[in-house]
Amino acid sequence: MKDFNITDQGEVAGGIFTHVSFKNHEQVVFCNDQETGLKAIIGIHNTTLGPALGGTRMWNYSNEAEALNDVLRLSRGMTFKAAISGLNLGGGKAVIIADSRKDKTDAMMQKFGEFVNSLSGRYITAEDVGITTHDMEMVKMKTNHVSGIPESMGGSGDPSPVTAYGVYMGMKAAAKYKYGNDNLAGRKVLVQGIGHVGETLVHHLCQEGAQVIINDIHQDRIDEMVTKYGVKAHIGSDIFNADFDIYAPCALGATVNADSIARMNCDIIAGAANNQLAEEWSDEILLAKKGILYAPDFVINAGGLINVYSEIAKYDRSESLRRTEEIYNTTLDIFRHAEIEGITNHAAAVKIAQARIDNAK
Ligand code: NAD
């Protein structure tokens, strides 16, 4: 992943408009509140198809430049995710620079809601890493431009289970393409990041009889999951040297990079994390050389977005799940399209998504 260059004074060297991750973003908003300690950045990438909808991530970034880089990459990914999923939404995302286990307060989330409100609906927020439906309740106290609120408040609830279902569908499609059948029973699947999405994915995989290996940075979480699902935990520092058929990145992005690819010996990468490829145009070429099939992240992790969109388009949970199941066919179509055109799966997915945006202009 490319970060900004930081000077000795801790300032960003060079400009934002010329940064490698700045790709025609429409608007970037910096939110600062001394009282609550809120430091957030909202990225609105493209609103051609509709308002920019995307979750808020709370992460303890090591510096502000890293947070800015993340929000630029994530918001662009949301543009393609909405477009390929047939939703009338644009792409946006927000990051809050804080440790969700230590720093988060209701007052901070409400303040964030005020900033979201100031954008008058150009950006609609939802959950992402480090954020819960309770946090969205706090945001909702200050703005109506929020989705993924609890069902008790008339919302669609936590989108993560639907995201996990879509990832499971995408993984099955990848297995179908790679192995000739989509049965995951007996396949060794490494799930990295056992959070909201990772846990439900583990549940689906265990139900189908896959051999699941888990990994997380929090030992308490690993212990909980091992007890609950009877899965194995990866022991040791180098997870990519482990023995697995399918890698499901469900933590943060950029885990698929030149270094990890060199150590990986699997058949398929299919997971929930956004921006899995550190270098989106070249890493998949390295994967292809090793015979590893990559299921584009923004295609297979769209279930949560499809679910929160139900609050705007007014459809129910069963329709969300039906649309999410379609990820299976969409993923297979992308693999075939890429094969015919001789391009990577990521490039094929971006091309189809971009065509939908261009047609709408
Ligand atoms: P979460 O915060 O609930 O879980 C993330 C988990 O990853 C945590 O348990 C954390 O400890 C773990 N983790 C972080 N860094 C790690 C590392 N280096 N190695 C191993 N584990 C690590 O988040 P989530 O909602 O489950 O989302 C997971 C990923 O899926 C994120 O990249 C998110 O952007 C993406 N995603 C989520 C949704 C959704 O509906 N929640 C939708 C689309 C995409």
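General observations
- Helices (runs of 4 or more DSSP H) completely within the range 295-347 that count 2 or more residues being out of contact with any Ser or Thr (no Cβ under 8 Å at 6 or more places or on another chain): 297-300, 317-325, 327-341
- Cβ-Cβ contacts under 6 Å between residues 6 or more apart (or on different chains), taken from a first residue in the range 126-153 that is more than 19 Å from SER100 (Cβ to Cβ) and within 16 Å of the ligand (Cβ to nearest atom) to a second residue that is of a type outside the set (Lys, Arg) and assigned to a loop (DSSP other than H, G, I, E, B), are listed as SER147/ALA126; GLU151/GLY157.
- Answer residue from the range 350-361, given it is out of contact with any Asp or Glu (no Cβ under 9 Å at 6 or more places or on another chain) and assigned to a helix (DSSP H, G or I) and is surrounded by the most Cβ atoms within 10 Å (Cβ to Cβ) among those: ALA353
- Scan of the range 289-312 for residues that are hydrophobic (A, V, I, L, M, F, W, C) and more than 8 Å from the ligand (Cβ to nearest atom), ordered by number: ILE292, LEU293, ALA295, PHE298, VAL299, ILE300, ILE306, VAL308, ILE312
Yes/no matrix, rows are residues, columns are (1) within 15 Å of the ligand (Cβ to nearest atom); (2) under 17 Å from VAL139 (Cβ atoms); (3) out of contact with any Asp or Glu (no Cβ under 7 Å at 6 or more places or on another chain):
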site: THR36; (1), (2), (3): no, yes, yes
site: GLU64; (1), (2), (3): no, no, yes
site: MET78; (1), (2), (3): yes, no, yes
site: GLN110; (1), (2), (3): no, yes, yes
site: GLU114; (1), (2), (3): no, yes, yes
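- On inspection, ILE269 qualifies as closer than 23 Å to PHE80 by Cβ and in contact with a Phe, Trp or Tyr (Cβ under 7 Å, 6 or more places away or on another chain).
- Residues that are more than 16 Å from the ligand (Cβ to nearest atom) and under 16 Å from PRO159 (Cβ atoms) were ranked within the range 313-324; the one that is surrounded by the most Cβ atoms within 10 Å (Cβ to Cβ) is TYR315.
- Checked against the criteria, THR56 does not count as touching a Gly at 6+ places or on another chain (Cβ under 6 Å), outside the structural domain of HIS196 (by TED's automatic domain parsing) and in contact (Cβ under 8 Å) with a residue 24 or more places away in the chain.
- For the range 197-232, the set of residues classified as crowded, with 16+ Cβ neighbours inside 10 Å and either within 10 Å of the ligand (Cβ to nearest atom) or of a type in the set (Lys, Arg) (or both) consists of VAL197, GLY198, GLU199, THR200, LEU201, ILE214, ASN215, ASP216, ARG221, ILE222, MET225, listed by residue number.
- ILE235 being surrounded by fewer than 20 Cβ atoms within 10 Å (Cβ to Cβ), β-branched (Val, Ile, Thr) and within 21 Å of THR79 (Cβ to Cβ): no
- When residues in the range 248-277 are screened for being within 13 Å of the ligand (Cβ to nearest atom), assigned to a loop (DSSP other than H, G, I, E, B), within 12 Å of ALA295 (Cα to Cα) and over 11 Å from the mean Cα position of the chain (by Cα), 1 of them pass.
- Scan of the range 26-48 for residues that are surrounded by fewer than 21 Cβ atoms within 10 Å (Cβ to Cβ) and not β-branched (Val, Ile, Thr), ordered by number: GLU26, GLN27, PHE30, CYS31, ASN32, ASP33, GLN34, GLU35, GLY37, LYS39
The values are calculated or read from the model by the stated rules, or taken from the named source; none is laboratory data. Since the model is a prediction, treat every value here as computed from it, not as a measurement. Every residue, glycine among them, receives a Cβ derived from its backbone with ideal geometry; neighbour counts consider all protein chains shown.
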